[in-house]
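Student: Dumping the structure here so I can ask a few things about it.
The values are calculated or read from the model by the stated rules, or taken from the named source; none is laboratory data. Keep in mind that what you see is a predicted model, and the values were worked out from it rather than measured. Neighbour counts run over all protein chains shown; Cβ positions are idealised from the backbone, glycine included. Accessible surface areas use protein heavy atoms only, side chains included; no ligands, DNA or RNA. Shrake-Rupley method; radii C 1.70, N 1.55, O 1.52, S 1.80 Å.
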Amino acid sequence: MNPCWKKIILSFGIGLVVFSFMVLGIYRFLLPPVGRTNILVLGAVGEGYAGGDLTDTIIFLSVDNQTGKILMLSLPRDIWIAPLRTKLNSVYHYEGMEKTKEVVGEIVGQPINYGILIDSNLFTKIIDALGKVEVVVECSFDDYKYPIAGKENDECEGDPEYKCRYEHIHFEAGKQLMDGAAALKYVRSRYAEGEEGTDFARSQRQQRLLLAVKNKIFSPHFFLDPRQSFRLFKIITSNIQTDIPKEKYIDFLKTALRFRPKNLKTEVLNENYLIQPPPSKEKYDNQWVLVPRTENWEEIQGYVASLIGKF
């Protein structure tokens with residue numbers, strides 16, 4: 001064989017091997033991690049408010065790393081944690097993130113890998129960066145006792161009802177465009193009249209708001225605008241509190257690339273599994289609380305396992 005052709009074939013072979021290794025490397029780089037990643041998302045109002053580190057939003061996220069499917073389960077804030085003699089929303093305040101992950105992991109029967117804390121400042125920044133979100137308000141409601149930040153100790157010039165500490169908020173049923181401030185009031189409202197004043201309804205409102213955020217992020221107008229996407233990413237990474245190591249961010253990106261809006265399943269842990277017993281000084285320190293109807297977490301753990309198994 002002509003020596004020139006030998007050199008050409010040898011060069012081609014070496015190039016093919018190098019190219020194959022490059023393709024394999026890119027493939028392995030894009031390949032998501034195996035198994036599931038479970039994340040606890042906590043929402044607190046933050047500094048400047050009374051009870052700023054009480055986590056009134058508690059969401060268990062279970063992510064299938066290979067398919068990008070996500071189960072989002074909201075847990076009511078008033079679940080009673082007997083060993084700590086406190087409600088679920090106070091565990092972070094007293095014990096921190098690691099203990100909160102442990103407690104929620106016991107309730108749902110799943111190990112929790114990471115925790116995320118989002119305060120009201122970050123929450124409103126995210127909504128405003130999205131340019132308002134469209135939320136479907138299921139029922140009209142009024143709340144005449146929505147707390148005004150900084151007014152918690154105001155004597156209201158002797159008013160025995162302390163009305164100056166609160167504002168009246170109203171939400172009309174139907175599709176509503178909300179900026180960050182309105183969205184925060186929508187998910188935080190605790191004293192709405194009627195059924196919307198329950199802890200279960202509050203959890204459902206939080207779910208609807210998160211769905212609205214998801215819909216906005218995956219809308220063509222936003223998703224295909226790299227400047228907006230980068231701005232939102234920067235806002236989140238600069239303000240979020242989490243124990244997710246930065247070296248794991250690339251794994252989350254790989255999984256996120258496989259996510260499709262239809263692959264998000266939302267559920268609320270509700271009255272099918274929790275009951276509200278009468279106040280008891282001996283059992284619950286005279287607080288209104290929620291407890292498992294079967295007196296342990298086994299039924300709830302089975303329910304969560306079935307959700308994960310079906311999804």
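Student: Can you give the Rg and Dmax of region 32-154 based on its C-alpha atoms, in angstrom?
Tutor: Considering region 32-154 through its Cα atoms, Rg and Dmax are 16.4, 54 Å.
Student: Past 20 Å, Cα to Cα, is the threshold; run K69/K216; K125/K265; K99/K246; K145/K214; K214/K234 against it and keep the listed order. List each step's numbers first, then the result.
Tutor: Numbers: K69/K216 18 Å; K125/K265 25 Å; K99/K246 22 Å; K145/K214 30 Å; K214/K234 17 Å.
Long pairs (Cα-Cα over 20 Å): K125/K265; K99/K246; K145/K214.
Student: Rolling a 1.4 angstrom probe over the protein chains, ignoring ligands and nucleic acids, what is the accessible area of L122 in square angstrom, nearest 10?
Tutor: Probe radius 1.4 Å; accessible area of L122 about 0 Å².
Student: With unit charges on the beta carbons (Lys and Arg positive, Asp and Glu negative) and the dipole taken about the Cα centre of region 35-110, which residue among V63, L84, G43 sits farthest to the positive side?
Tutor: Selected residue: V63.
Student: What is the sum of charges around E193, taking Lys and Arg as +1, Asp and Glu as -1, for the other residues whose C-beta is under 11 Å from the C-beta of E193?
Tutor: -3
Student: What residue among H170, G158, V137 has its Cα farthest toward the positive end of the dipole of region 131-174, where the charges are +1 on Lys, Arg and -1 on Asp, Glu, each on the Cβ?
Tutor: V137
Student: Among the complete DSSP H segments of the chain, which ones combine at least 15 Å of alpha-carbon extent along their axis with a mean Kyte-Doolittle hydropathy of 1.0 or more?
Tutor: The answer, listed by residue number, is 3-30.
Student: If you take the square roots of the eigenvalues of the alpha-carbon gyration tensor of region 100-248 and sort them as a ≥ b ≥ c, do you get rounded (a/c under 1.5), prolate (a/b over b/c) or oblate?
Tutor: Working: a/c = 1.70, a/b = 1.41, b/c = 1.21.
Since a/c reaches 1.5 and a/b is larger than b/c, the shape of region 100-248 is classed as prolate.
Student: Keeping every protein chain present and rolling a 1.4 Å probe, give me the accessible area per residue for region 172-236 in Å².
Tutor: Details: 3590 Å² over 65 residues.
Per residue, region 172-236 has an accessible area of 55 Å².
Student: Starting from the Kirkwood radius over alpha-carbon pairs of the chain, derive D by Stokes-Einstein at 20 °C in a medium of 1.002 mPa s and give it in µm² s⁻¹.
Tutor: The calculation lands on 97 µm²/s.
Student: Still on this structure, please answer the following. Looking at the chain, what % of its DSSP beta bridges pair antiparallel, to the nearest 5?
Tutor: Roughly 70 percent of the beta bridges in the chain run antiparallel, per DSSP.
Student: Turning to a different aspect of this structure: Which residues in region 92-117 have a backbone N closer than 18 Å to a point placed 7 Å from the Cα of E47 along the Cα-to-Cβ line?
Tutor: In region 92-117, the label zone of E47 (backbone N under 18 Å from the point 7 Å along Cα→Cβ) covers 93, 117.
Student: Where does each of 152-165, 174-187, 194-207 land if you order them by average Cβ count within 10 Å, highest first?
Tutor: The packing order, highest mean first, is 194-207, 174-187, 152-165.
Student: Filter the chymotrypsin sites (Phe, Trp or Tyr not before Pro) in region 208-257 down to the DSSP loop ones having no more than 15 other Cβ atoms within 10 Å, then list what survives.
Tutor: Numbers: sites: F218, F222, F223, F230, F233, Y249, F252; in loops: F218.
Of the chymotrypsin sites (Phe, Trp or Tyr not before Pro), the ones in loops of region 208-257 whose Cβ has at most 15 other Cβ atoms within 10 Å are F218.
Student: I've got another one for you. With θ set to phi - 60°, apply the Karplus curve 6.51 cos²θ - 1.76 cosθ + 1.60 along region 156-162 and write out the HN-Hα couplings as whole Hz, x wherever there is a Gly or Pro.
Tutor: Listing the rounded values in order: 6, 6, x, 5, x, 9, 6 Hz.
Student: Which value, in Å² and to the nearest 10, is the accessible area of T67 when all protein chains are kept and the probe is 1.4 Å?
Tutor: 60
Student: Could you work out how much longer the chain between E167 and T242 gets when fully extended? Use 0.36 nm per residue separation minus the Cα distance between them, nm to one decimal.
Tutor: Value of the extension gain: 23.7 nm.
Student: Something else now. If DNA, RNA and ligands are ignored and the probe is 1.4 Å, what is the ranking of K281, K216, K234, K310 by accessible area, most exposed first?
Tutor: Final ranking, largest accessible area leading: K310, K281, K234, K216.
Student: Please report, as a whole percent, how much of the solvent-accessible surface of region 130-239 comes from carbon and sulfur atoms (probe radius 1.4 Å).
Tutor: 54
Student: Give me the dipole magnitude in Debye, nearest 20, for the chain about the Cα centre, with unit charges on the beta carbon: positive for Lys and Arg, negative for Asp and Glu.
Tutor: That gives a dipole near 2260 debye.
Student: Okay, moving on. Enumerate by residue number the GluC sites (Glu not before Pro) in region 225-311 meeting two conditions: DSSP loop (anything except H, G, I, E, B), and at most 16 other Cβ atoms within 10 Å of the site's Cβ. List each step's numbers first, then the result.
Tutor: Details: sites: E247, E267, E271, E282, E295, E298, E299; in loops: E271, E295.
Qualifying residues, ordered by number: E271, E295.
Student: Run the simple label-point estimate for E138 and N296 please: 7 Å along Cα→C-beta, distance reported in nm.
Tutor: Going by the 7 Å Cα→Cβ label model, 3.1 nm.
Student: Pull out the extension gain between Q66 and E102, defined as 0.36 nm times the separation in residues minus the alpha carbon to alpha carbon distance; nm, one decimal. Kindly include the intermediate steps, with their values, before the conclusion.
Tutor: Numbers: separation 36, 0.36 × 36 = 12.96 nm, distance 2.52 nm.
Difference between extended and current length: 10.4 nm.
Student: Between rounded, prolate and oblate, where does region 82-171 land on the alpha carbon gyration tensor, with a ≥ b ≥ c its root eigenvalues, rounded for a/c under 1.5, else prolate if a/b exceeds b/c? Spell out each step's value before the answer.
Tutor: Numbers: a/c = 2.19, a/b = 1.40, b/c = 1.56.
Taking the square roots of the gyration eigenvalues as a ≥ b ≥ c, region 82-171 is oblate.
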